[in-house]
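Asker: Structure in structure tokens, see below.
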Amino acid sequence: MVLTRGDDYPIHQTSEPVAYAGTDRNFYDRYFFNGYAPDGSGFFAAAFGVYPHLDVADAHFSFIRGGVQHCLHASCELGAERMAMRVGPIAIEVLEPLHRLKVTIEETEGLAGEFTFTARAAPIEEPRFIHRTGTRAFMDYTRMTQNGHYEGWIEADGVREEMATGTVGTRDRSWGVRPVGARDAQPVPGAPLPSFFWQWTPINLADGSLFFHVNADPKGRAWNTRAAYAPDGCGQEAVAEGFGTLAARLEPGTRWPSGGTLSLDVPGAPAALELEALARFQMKGIGYTHPEWGHGLHHGPLRVAREDLALAELDPAAMDNLHVQMLCRVTGEAQGMGVFEQLAIGPHAPLGLAGLTDPA
């Protein structure tokens, strides 16, 4: 048995110590943040993940300046201590649960930052995500999401920039089972061509927060989807839920979205919005689908590295470049700013996508 700091808190959900999380080696527990200025500049994102059964934790921080996406990756051995909340130079503090959090990035290889997230409203709980590849559980997790305001600063190579007044964004917490760490080398007998389709649009409007997401199969049939609207200052009981559809447009020769039309049926929310992409953020900058810094991979007791991505030079058909967040101007029945996240692997008939990574 392994006793850790978490065992001194009344958070146990089984008879085992907190260090254990069921029996699936792919169990994870993750924080995510993104933010941007009102004019669409200054996009940044961070991720922090704990993988109890791999005994690994990792953290990533990434931001865009002058067409370059600067990234700081960090990984450490967890030592079963899930309450440490630090991986090398990157740390997270929960100042007020479900409302205020702080992220600190100590200067490392020329990159540093510190910012505080303050929620606009209570978080929304998305429908539980359960999906299988044949008989094998591919994912089984829960996620909560909320929009908020940011204060802080980011520094690159000695140049510090304060976050602009009105900087907003989104944060989420998710936990459960996803593919993490080293891949399972044994294939599922009879499994079709790998495919995964995901769209997510957290949007900051003047008086509230709007959310839409969809997971769909290659024919476009949704297997997990929902839309929600949270007026500023509301509690969980006042979050309005409903459904929506997103008709995406793709940049020619890529699988990256250039915008889309979001249609909604949610009490209190606008019925139709237009999304126009202003900037592209590569999710591999915070570990997602990264060939070297993928989530949960073991890099020894502690490893930290900087990476700089020249966004205009990336191959849009490379597997590790498919997953993006497009910062969008939002117009129509309401105005605001938001993100259009998309990951499209494999065929997807509604967008005319074929093959594994073939562009539109």
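Asker: Skipping prolines and chain starts, which residues have an amide H placed within reach, meaning under 5 Å, of the one on Ala121, given they are 5 or more residues away or on another chain?
Answerer: Excluding prolines and chain starts, which carry no amide H, the hits are Asn147, Gly233.
Asker: Rank by packing, highest mean first: peptides 179-192, 250-263, 215-228, with packing defined as the count of other Cβ atoms within 10 Å averaged across residues.
Answerer: Numbers: 179-192: 11.4, 250-263: 18.8, 215-228: 16.1.
Most protected by this proxy first, the peptides run 250-263, 215-228, 179-192.
Asker: Roughly how many debye, to the nearest 20, is the charge dipole of the stretch 1-157 about its Cα centre, given +1 on each Lys and Arg Cβ, -1 on each Asp and Glu Cβ, and no other charges? Don't jump to the answer; show the numbers that get you there.
Answerer: Details: 13 positive and 22 negative charges, 124 e Å.
Using only the charged Cβ atoms, the result is roughly 600 debye.
Asker: Only Lys, Arg, Asp and Glu count, each charged at its Cβ (+1, +1, -1, -1), so figure out the dipole size of the stretch 158-205 about its Cα centre, rounded to 20 debye.
Answerer: The calculation lands at about 120 debye.
Asker: Something else now. Output ³J(HN,Hα) for the stretch 104-112: one whole-Hz value per residue in order, computed from phi by the Karplus curve 6.51 cos²θ - 1.76 cosθ + 1.60 with θ = phi - 60°, and x for Gly and Pro.
Answerer: 10, 10, 5, 3, 8, 6, x, 10, 7
Asker: Whole-Hz ³J(HN,Hα) for each residue in the stretch 132-140, computed from phi via Karplus 6.51 cos²θ - 1.76 cosθ + 1.60 with θ = phi - 60°, x for glycine and proline: what do you get?
Answerer: 3J(HN,Hα) across the stretch 132-140, in whole Hz: 10, 9, x, 9, 9, 5, 8, 8, 7.
Asker: What ranking do 351-357, 267-273, 44-50 get when scored by the average of other Cβ atoms within 10 Å per residue, highest first?
Answerer: Values: 351-357: 14.9, 267-273: 17.4, 44-50: 25.3.
Answer by packing, highest mean first, reads 44-50, 267-273, 351-357.
Asker: Would you work out the charge dipole size for the chain about its Cα centre, treating the Cβ of every Lys and Arg as +1 and the Cβ of every Asp and Glu as -1, and quote it to the nearest 20 debye?
Answerer: For the chain, the charge dipole is close to 880 debye.
Asker: Could you run the Karplus curve 6.51 cos²θ - 1.76 cosθ + 1.60 with θ = phi - 60° over the stretch 182-196 and give me ³J(HN,Hα) per residue in whole Hz, x for Gly and Pro?
Answerer: 5, 5, 6, 6, 8, x, 8, x, x, 5, x, 3, x, 8, 7
Asker: Can I ask one more? At a 1.4 Å probe, what is the % contribution of carbon and sulfur to the accessible area of the chain? List each step's numbers first, then the result.
Answerer: Working: 8110 of 15360 Å².
Answer for the chain: carbon and sulfur cover 53 percent of the accessible area.
Asker: Sort out for me the Cα centre separation of the stretch 156-226 from the stretch 81-99, rounded to whole Å.
Answerer: 21
Asker: Residues with amide H under 5 Å of Leu297's amide H, sequence separation 5 or more or different chain, H placed in the peptide plane at 1.01 Å from N; which?
Answerer: Residues meeting the criterion, in which the H sits 1.01 Å from N, are Gly181.
Asker: Rounded to the nearest Å, what's the spacing between the alpha carbon centres of the stretch 262-285 and the stretch 291-360? Just the number, please.
Answerer: 16
Asker: Answer with one residue from Phe197, Gly181, Gly134: the one whose Cα lies farthest towards the positive end of the charge dipole of the stretch 127-210, charges on Cβ with Lys, Arg +1 and Asp, Glu -1.
Answerer: Among Phe197, Gly181, Gly134, the one farthest towards the positive end of the dipole of the stretch 127-210 is Gly134.
Asker: With every protein chain present, what is the per residue accessible area of the chain (1.4 Å probe, Å²)?
Answerer: It amounts to 43 Å² per residue over the chain.
Asker: For Ala360, list long-range residues whose amide hydrogen, built 1.01 Å from N in the peptide plane, is under 5 Å from its own amide hydrogen.
Answerer: Distant-sequence amide H within range of Ala360: Gly253, Thr254, Arg255.
The values are calculated or read from the model by the stated rules, or taken from the named source; none is laboratory data. Computed from a predicted model, the values in this text were never measured in an experiment. Methodologically, a virtual Cβ is constructed for each residue, glycine included, from the backbone with ideal geometry; neighbour enumeration extends over all protein chains shown. These area figures cover heavy atoms from the full protein model, side chains too; ligands, DNA and RNA do not enter into them. Shrake-Rupley method; radii C 1.70, N 1.55, O 1.52, S 1.80 Å.
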